[in-house]
1. From Ile64, Ile38, grab the single residue that is modelled with pLDDT of 95 or more and closer than 15 Å to Ile95 by Cβ.
2. When you look at Leu10, is it assigned to a loop (DSSP other than H, G, I, E, B) and either modelled with pLDDT under 95 or of a type outside the set (Gly, Ala, Ser) (or both), yes or no?
3. Just to verify a result, which residue in region 57-77, among those that are in a loop (DSSP other than H, G, I, E, B) and under 16 Å from Ala41 (Cα atoms), is nearest to the chain's Cα centre (by Cα)?
4. Within the set of pairs 6 or more residues apart or between chains, which connect a residue that is closer than 18 Å to Ala63 by Cα inside region 77-95 to a residue that is of a type in the set (A, V, I, L, M) and not in a helix (DSSP H, G or I) with Cβ atoms less than 8 Å apart?
5. State which residue is farthest from Trp98 (Cα to Cα) when the search covers only region 29-76 and only residues that are among the basic types (Lys, Arg) and free of Cβ contacts under 8 Å to residues at least 40 places away in the same chain.
6. As an exercise: evaluate Gly108 against (1) outside any helix (DSSP H, G or I); (2) within 24 Å of Ser33 (Cα to Cα); (3) at pLDDT 95 or above and give the number of the one condition it does not meet.
7. So, in region 52-97, exactly how many residues are of a type in the set (D, E, K, R), surrounded by fewer than 15 Cβ atoms within 10 Å (Cβ to Cβ) and under 18 Å from Asp29 (Cα atoms)?
Amino acid sequence: MNWKPGIIILAGFCISGCYSPQPKSLASDSAPSAIPAIKEAGDKNDRAAIPRLVQDLDDNDSAIRFAAISALKKMTGQDLGYRYYDDEFVRQPAIDQWKMWLKQHPSGQ
């Protein structure tokens with residue numbers, strides 16, 4: 001009995017069905033798509049991304065929050081007391097500070 005072709009075909013189906021690459025996007029709610037885009041924004045000092053990064057500070061996913069504050073700190077040199085691992089009520093005052101910062105720096109400067 002020749003089972004090798006069957007295993008190869010089954011492996012091909014598993015790989016093609018389990019892996020669906022998502023393009024990186026700041027607008028994505030999916031961490032595998034959003035995090036590379038957030039990192040790229042920070043690396044490129046993309047100030048136009050700052051409003052979205054501030055929004056991401058309140059994301060449910062702690063990895064997205066971590067990436068967002070890391071990019072913001074890289075671009076602005078500040079964290080305004082924000083800690084991505086705090087619960088939402090503890091994070092809220094720092095998020096409010098970031099929103100105020102954003103109003104004072106509408107162009108992200």
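The values are calculated or read from the model by the stated rules, or taken from the named source; none is laboratory data. Not measured: the values here are computed from a predicted model. Glycine gets a Cβ as well: all are built from the backbone with ideal geometry, and neighbour counts include every protein chain shown.
1. Ile64
2. no
3. Our first condition is that a residue be in a loop (DSSP other than H, G, I, E, B); within region 57-77, this holds for 57-61, 77.
Filter again for under 16 Å from Ala41 (Cα atoms), leaving 57, 77.
On the way: Leu57: 9, Gly77: 18 Å.
Residue satisfying both the conditions and the ranking: Leu57.
4. Tyr82/Leu57; Tyr84/Leu57; Arg91/Leu57; Ala94/Leu57; Ala94/Leu80; Ile95/Leu57
5. Among those that are among the basic types (Lys, Arg) and free of Cβ contacts under 8 Å to residues at least 40 places away in the same chain, it is Lys44.
6. Against the list (1) outside any helix (DSSP H, G or I); (2) within 24 Å of Ser33 (Cα to Cα); (3) at pLDDT 95 or above, Gly108 comes up short only on (3).
7. 1
Let's see how each residue does on (1) modelled with pLDDT under 95; (2) touching a helix residue (DSSP H, G or I) at 6+ places or on another chain (Cβ under 8 Å):
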residue	(1), (2)
Leu26	yes, yes
Asp46	no, yes
Leu53	no, yes
Ser70	no, yes
Met75	no, yes
Leu80	no, yes
Pro93	no, no
Trp98	no, yes
